[in-house]
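The values are calculated or read from the model by the stated rules, or taken from the named source; none is laboratory data. On a predicted model such as this, the values are computed, not experimentally measured, just so you know. With ideal geometry, Cβ positions are generated from the backbone for all residues, glycine too; neighbour counts draw on all protein chains shown.
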Amino acid sequence: MNMGKLTGKKAIVTGASRGIGLAIATELAREGADVAILSTSVKEDLAAKLSSELGVQVKSYACDVADSATVQAVFKQIIADMGTVDILVNNAGITRDGLLMRMKDEDFDAVIATNLRSVFLCTRAVARTMMGNRSGHIVNVSSINALRGQAGQSNYAAAKAGVIGLTRTNAMELAARGITVNAVAPGFIDTDMTAKLGAEIREKYASQIPLGRLGQPEDVAKLVAFLASDGAKYITGQIIGVDGGLNA
Ligand code: NAD
């Protein structure tokens with residue numbers, strides 16, 4: 001039997017089909033948690049592979065996290081399937097970059113909906129169960145760009161800064177029920193999201209990172225797994241960078 005630090009825990013990870021979300025789901029499962037992996041379409045093969053490799057239950061659900069009715073229905077189903085929920089990781093996110101004068105209304109709204117509104121919707125959808133349990137760990141994925149700003153990302157930086165506001169506020173509201181709420185703020189991580197920026201820009205960023213390389217999704221996943229564990233039960237309302245020293 002898997003005897004990791006999350007053995008027996010029930011976790012939900014949004015945007016878990018690839019990149020940072022997949023690394024987080026894998027790390028939570030490696031530490032013994034049963035995991036519901038959410039993405040825009042069902043990924044049964046991926047869930048079956050993780051289940052058999054790691055010896056825990058991993059189930060895939062399709063869920064557009066920006067849509068309120070969908071989130072309510074899917075989370076109700078997940079909590080019924082797993083029996084409860086101990087851990088929520090709000091990871092799903094998109095970019096629709098553009099300079100201020102060229103950014104379309106729909107690109108601003110889509111990024112706010114998927115990166116910020118989703119965190120509110122998914123957190124609300126687990127709060128009743130966690131409050132009843134008088135325990136739970138919620139980890140939100142923000143970004144270094146929420147703190148520093150980034151040309152071409154008015155929508156994204158605003159959404160990720162909003163995630164910090166939600167994190168601090170929800171941490172205050174839920175602390176009395178034994179629930180922690182924290183955020184991680186990744187720097188430049190090697191995923192499909194950053195691959196589309198092209199080799200030249202990636203190399204320029206890498207040269208500015210004190211640790212001398214882009215981060216790997218696993219670098220973020222290790223921190224998230226710790227914040228989702230009882231070893232972190234006295235940590236709440238914190239925003240923790242995983243950025244190779246970029247923001248230090
Ligand atoms: P990615 O594009 O590789 O993966 C994003 C995931 O979110 C995918 O699984 C996708 O299916 C899912 N997703 C997108 N829209 C969704 C929706 N409406 N409903 C459900 N799922 C949806 O991106 P990534 O680089 O792995 O980023 C993961 C998170 O980390 C995002 O919140 C991103 O903003 C954040 N982040 C990434 C970096 C980086 O450098 N890659 C840096 C800071 C923060």
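Given 49, 43, which one is in contact with a strand residue (DSSP E or B) (Cβ under 9 Å, 6 or more places away or on another chain), more than 23 Å from residue 179 (Cα to Cα), within 14 Å of the ligand (Cβ to nearest atom) and not small (Gly, Ala, Ser)? Break it down into steps so the answer makes sense when it comes.
Details: 49 fails: within 14 Å of the ligand (Cβ to nearest atom).
Being in contact with a strand residue (DSSP E or B) (Cβ under 9 Å, 6 or more places away or on another chain), more than 23 Å from residue 179 (Cα to Cα), within 14 Å of the ligand (Cβ to nearest atom) and not small (Gly, Ala, Ser) holds for just one of 49, 43, which is 43.
A quick yes/no check of all residues on (1) within 30 Å of residue 103 (Cβ to Cβ); (2) at pLDDT below 95; (3) touching a Leu at 6+ places or on another chain (Cβ under 9 Å):
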{"site": "167", "(1), (2), (3)": "yes, no, no"}
{"site": "173", "(1), (2), (3)": "no, no, no"}
{"site": "207", "(1), (2), (3)": "yes, yes, no"}
{"site": "211", "(1), (2), (3)": "no, no, yes"}
{"site": "239", "(1), (2), (3)": "yes, no, yes"}
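Please verify whether residue 39 is surrounded by fewer than 24 Cβ atoms within 10 Å (Cβ to Cβ), small (Gly, Ala, Ser) and under 17 Å from residue 218 (Cβ atoms), treating the condition exactly as stated. Write out each step before concluding.
On the way: surrounded by fewer than 24 Cβ atoms within 10 Å (Cβ to Cβ): yes; small (Gly, Ala, Ser): yes; under 17 Å from residue 218 (Cβ atoms): no.
Considered against the rule, which asks whether it is surrounded by fewer than 24 Cβ atoms within 10 Å (Cβ to Cβ), small (Gly, Ala, Ser) and under 17 Å from residue 218 (Cβ atoms), residue 39 comes out as no.
Can you pull out the residues in the stretch 81-131 that are in contact with a strand residue (DSSP E or B) (Cβ under 8 Å, 6 or more places away or on another chain), assigned to a loop (DSSP other than H, G, I, E, B) and not acidic (Asp, Glu)?
83, 84, 85, 91, 92, 93, 95, 104, listed by residue number.
Among the residues of the stretch 83-95 satisfying the criterion of being of a type outside the set (Ser, Thr, Tyr) and farther than 24 Å from residue 191 by Cα, which is nearest to the ligand (Cβ to nearest atom)?
Within the stretch 83-95, the match that is nearest to the ligand (Cβ to nearest atom) is 85.
Identify the residue in the stretch 96-146 that is touching a residue at least 60 places away in the same chain (Cβ under 8 Å) and away from the ligand (no atom under 12 Å from the Cβ) and, among all such residues, is surrounded by the fewest Cβ atoms within 10 Å (Cβ to Cβ).
126
Yes/no per residue for (1) polar (S, T, N, Q); (2) within 15 Å of the ligand (Cβ to nearest atom); (3) under 23 Å from residue 220 (Cα atoms):
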site: 7; (1), (2), (3): yes, no, yes
site: 10; (1), (2), (3): no, no, yes
site: 13; (1), (2), (3): no, yes, yes
site: 24; (1), (2), (3): no, yes, yes
site: 54; (1), (2), (3): no, no, yes
site: 70; (1), (2), (3): yes, yes, no
site: 78; (1), (2), (3): no, yes, no
